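The block underneath contains the structure these notes are about, expressed in structure tokens.
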Amino acid sequence: MRKLYRFLALLLVLLLCGCAAGAGTEPADAAEETDGTEETDGAGEAGLTVQAALTEFSAVTLDGGSFTEEDLAACDVTMVNFWTTTCGPCIREMPELAEYAAALPENVRLITVCLDGSGQEETVREILDEAGFQGITLTGGDGDFPRLCRAVQYTPTTVFLDAGGSLIGGAVIGGQSDLAGTFTAVLNQVLEFLGKDAITLDG
């Protein structure tokens, strides 16, 4: 009986904080097996098994364009938020995520990856438009990109990449009661490590 209670408690936490990113929640090109992975602790939360870098890839944007390692090089840090169209916590936090992304300085960018977005572009657009998110959203890709997507076990998950595509700092996993505060704390740790100035957000 005690095991049943523990299971139910864990299930409740997962439902409230995030969604499992299982089969059918990754880009169509993300079927490649992950190898050479390492464990990275995520902002005091569950660990995330990720590829060590996102240095060679080409991803498809929601508007049909492309996003590569050259785009990462344009910013000191790129925050990548992974979500799905069936993840309630992801959709609920999207307006706050949009507001946060718009407040970031030029040397920092926040993009999203919709893991089940390939073939559901219209649904993805509706969710993002309603939330007011105007940044870049990726829906598939090749190279290092699908391996990183396969490593995401729960959504929402946000990771931090430097200009060279290396993952740095902790992953933020699950819905956050103070999204801006949590993201900024991890982001400033990353910027400090890179020798860059910390950021502050108005309001």
Quick one: if you stick a label point 7 Å off each Cα along the C-beta vector at GLN153 and GLU70, how many nm between them? 3.7
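How long is the gain from PHE193 to ASP178 if the chain were fully straight, where each residue apart is worth 0.36 nm and the alpha carbon distance is subtracted? Write out the running numbers ahead of the final one.
On the way: separation 15, 0.36 × 15 = 5.40 nm, distance 2.30 nm.
Answer, rounded to one decimal: 3.1 nm.
Considering only protein heavy atoms, with the full assembly of protein chains and a 1.4 angstrom probe, order SER177, SER66, SER58 by accessible area, largest first.
Values: SER177 130, SER66 80, SER58 45 Å².
So the residues, ranked largest to smallest area, are SER177, SER66, SER58.
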Just for the Cα atoms in region 95-203, what are the lengths along the principal axes, largest first, rounded to whole Å? 40, 32, 25
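Accessible area of region 126-203 with a 1.4 Å probe: how many percent of it is carbon plus sulfur?
Details: 1430 of 3400 Å².
Exposed carbon and sulfur together represent 42 percent of the surface.
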Give me the 1.4 Å probe accessible area per residue for region 63-203, excluding ligands and nucleic acids, in Å². 42
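Using a Förster distance of 25 angstrom, determine the FRET efficiency expected from the C-beta separation of ALA163 and GLU99, and round it to 0.05.
Details: r = 25 Å, r/R0 = 0.99.
It comes out at approximately 0.50.
The values are calculated or read from the model by the stated rules, or taken from the named source; none is laboratory data. Remember, predicted model here, so these are calculated numbers, not experimental data. Here the Cβ is made from the backbone with ideal geometry for all residues, glycine too, and neighbour counts use every protein chain on show. With ligands, DNA and RNA removed, areas are computed over all heavy atoms of the protein, side chains included. Shrake-Rupley method; radii C 1.70, N 1.55, O 1.52, S 1.80 Å.
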